[in-house]
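The values are calculated or read from the model by the stated rules, or taken from the named source; none is laboratory data. Everything numeric here is computed off the predicted structure, so don't read it as measured data. In this analysis, Cβ positions are derived from the backbone assuming ideal geometry, glycine residues included, and neighbour counts consider all displayed protein chains. The protein model used for the area step is the full one, side chains on, heavy atoms only, and it has no ligands, DNA or RNA in it. Shrake-Rupley method; radii C 1.70, N 1.55, O 1.52, S 1.80 Å.
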Amino acid sequence: METIQKHKIYEEQFLLLAFISIVTFKIVMLPQYLVASASNNSYMVMAFMIAIEIMMLTVVYGIAKNGSILEQDIPKWLKAVLAIVVFVSSVIKCTVRGSEGVAYIATSLYANVSWAFVTLALVLACIYIAQKGGKVLARSAQIFFWIVAFATAFFLIFSNIKLDPLYLMPFKISGDLAIAGDKYLMWFGDFTPLLFVTVTPSKNRGKKRLAIWTALTILCAFLFTVGLMLIFICTFGNAGELIGNAFLNVASLNKIFFMIGSADLPTVLSWLIMYVVKFSLLLFAMIQCAKFFFGDKALVSLICGVIVYCIIVFGIGNLKANYVLATSWLRYLAFFMEFAVTATAYIAMRVCQSKKQKQQNTPSESAENTSVNPADGLQGEI
């Protein structure tokens, strides 16, 4: 019971985690990669893939309302299979996404600091948060979200970007869009970590309020991803393929920068918060799957952290190797597993619910037949 309580979150918290899950790694290196493959129409790839993610997250929400997939009344062997698949998927996503964040911190924030030190600090912090459970993770995101909101307001107020809509021309749908969507599948599809939380209705919150928060979440997810892509293209054009860290380069074009120098602290801090939450969420899914087999022990979390640390530091080690890994055949495996687990979990939940309902209805029908049969017998005797 205590374990279940650790992973209970409110509906608004789920929406916030979904927003962070969608946005975080699509505003760093991905815009540069998409522009390099699909040029000025790359924003359409982003819009299409984000729409798919949002639709899949509605399915995840429907599952999470009935409980974590490891706590639901589905066959134990199926839970084991799902846990293994999600564990593999989480390891892939943790290492690839984690490496991208480590590369940014080690090169942009500090003067070529060793990956080993940056990864160690991040893994320790995120493992601690993930070990505490879904509730602590959601509350942490809820508290620090205000920094993200402040950074967004700061950008809107002091922005000094000169946009050229002509960079979006010519508008055309070509095979390059499909190629870009296929090549960068690794940056899309982040559903499974949210299958390990239980969503409960918020206290004193009506359906209208939830509908408003849901609409705002979807709108903000598109603005932070597709909107950034449009701004990025209208600002840099095809030269965007040479410019990494899109969110930082776009946000640095503000009035304060031209007056007193760099003023990107709010933007950097907001992204680091989203990165820590996202990385912790991936580790959380990985840890929950491992605990299903080895029990709820802190050592299990530590071992998961060691695995991720070793792969990032000794297996990847630099951004170029990370790019090669992310665009390899592993992207198909990771993307397929995200969809397969979500669809399987939803179908299994519905089937088990249907069977349970039939079992509950059967005794009542038998009782009705029993009460009717004696009366029929008496009428026959008369």
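Around the Cα centre of region 2-381, unit charges on the Cβ atoms of Lys, Arg, Asp and Glu (plus for the first two, minus for the last two) sum to a dipole of about 560 debye. The protection proxy used here, the mean number of other Cβ atoms lying within 10 Å of each residue, ranks peptides 292-299, 86-93 as follows, highest first: 86-93, 292-299. For K278, go through the lysines and keep the ones whose alpha-carbon is under 17 Å away, minus same-chain ones fewer than eight residues off. Qualifying lysines at Cα under 17 Å: K26, K93, K132, K135. Put simply, when 114-124, 351-361, 35-45 are sorted by average Cβ atoms within 10 angstrom per residue, most first, you get 35-45, 114-124, 351-361. In the chain, the longest principal axis of the Cα atoms and the axis of helix 76-104 are about 10 degrees apart.
Packing, taken as the mean count of other beta carbons within 10 Å per residue, orders the peptides 342-350, 94-102 from highest to lowest as 94-102, 342-350. Taking a straight Cα-Cα cut-off under 19 Å and skipping sequence neighbours fewer than 8 places away in the same chain, the lysines within cross-link reach of K162 are K255. Counting only protein heavy atoms and a 1.4 Å probe, the chain has 48 square angstrom of accessible area per residue. Can you bin the chain into rounded, prolate or oblate? Criterion: square roots of the alpha carbon gyration tensor eigenvalues sorted a ≥ b ≥ c, rounded for a/c under 1.5, prolate for a/b above b/c, oblate for the rest. Here the chain falls in the prolate category.
To the nearest 10 degrees, how steeply does helix 330-381 sit against the main Cα axis of the chain, on a 0 to 90 scale? So the helix axis and the longest Cα principal axis differ by about 20 degrees. As a fraction of the 1.4 Å probe accessible area of region 83-191, surface on carbon and sulfur atoms comes out at 72 percent. Between the helical axis of 265-294 and the longest alpha-carbon principal axis of the chain there is an angle of about 40 degrees.
Can you classify region 28-142 as rounded, prolate or oblate using the Cα gyration tensor, where a ≥ b ≥ c are the square roots of its eigenvalues, rounded means a/c under 1.5, and otherwise it's prolate if a/b beats b/c and oblate if not?
Because a/c hits 1.5 or more and a/b fails to exceed b/c, region 28-142 counts as oblate.
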